[in-house]
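Notes for the one structure printed next.
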Amino acid sequence: MTTGTSIVTKQETYSGYEILVATVGPIKTNPDEPENLQTHHTTKISIWFDGKEVRGASEAPSMLFVSREDAAEFGFEIGRMIVTQRRKSAAFKRIVRTSELFKLPRLLFRY
């Protein structure tokens with residue numbers, strides 16, 4: 001009872017970003033032991049925005065999953081966390097820039 005390893009890709013849109021999750025499996029857990037039939041799945045996450053992959057936002061967790069569904073769900077959770085973190089970071093940068101603009105005139109006329 002051997003099945004070939006396959007890659008399945010799923011996509012989800014979250015806050016304007018595309019989260020792509022590729023799951024690979026089943027992979028034989030102990031290939032050196034022919035009598036051992038345990039298998040696992042792995043996942044890889046990539047984040048896309050406006051048709052381009054976001055640099056530095058890809059993840060390949062080193063976790064092993066019992067099922068493809070578990071691997072995909074975990075991938076989407078990690079993807080949502082990455083998107084949320086990026087959005088908060090971008091919003092924070094805008095706030096810092098705006099506050100700097102408001103400080104500048106006060107500094108010029110301070111003395």
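Name the residues in region 46-62 that are on the phi > 0 side of the Ramachandran plot and of a type in the set (G, A, S), would you?
Narrowing region 46-62 to residues on the phi > 0 side of the Ramachandran plot: 50-51, 56.
G51, G56, listed by residue number.
Output the number of the condition that I82 fails; it satisfies all remaining conditions of (1) at pLDDT 85 or above; (2) surrounded by fewer than 12 Cβ atoms within 10 Å (Cβ to Cβ).
Answer for I82: the failing condition is (2).
Give T9, T23, T13 a once-over and let me know the one that is loosely packed, with under 12 Cβ neighbours inside 10 Å and touching a residue at least 12 places away in the same chain (Cβ under 8 Å).
Values: T23 fails: loosely packed, with under 12 Cβ neighbours inside 10 Å; T13 fails: touching a residue at least 12 places away in the same chain (Cβ under 8 Å).
Within the list T9, T23, T13, the selection yields T9.
Checking T39 against (1) in contact (Cβ under 8 Å) with a residue 24 or more places away in the chain; (2) out of contact with any Leu (no Cβ under 8 Å at 6 or more places or on another chain); (3) among the polar types (S, T, N, Q), which test does it fail?
Just one mismatch for T39, condition (1).
Among the residues of region 28-59, which ones are surrounded by 13 or more Cβ atoms within 10 Å (Cβ to Cβ) and either of a type outside the set (V, I, T) or over 20 Å from Q11 (Cα atoms) (or both)? If you could, list the steps in order and put the result at the bottom.
At the first step, the residues of region 28-59 found to be surrounded by 13 or more Cβ atoms within 10 Å (Cβ to Cβ) are 28, 39-49, 53-54, 57-59.
Those that are surrounded by 13 or more Cβ atoms within 10 Å (Cβ to Cβ) and either of a type outside the set (V, I, T) or over 20 Å from Q11 (Cα atoms) (or both): K28, T39, H40, H41, K44, S46, W48, F49, E53, A57, S58, E59.
Just checking, does region 39-61 include any residue being at pLDDT below 85 and over 11 Å from the mean Cα position of the chain (by Cα)?
No - not one qualifying residue is present in region 39-61.
The values are calculated or read from the model by the stated rules, or taken from the named source; none is laboratory data. Because the structure is a prediction, the values reported are computed rather than measured. We place every Cβ from the backbone using ideal geometry, glycine too, and count neighbours over all the protein chains shown.
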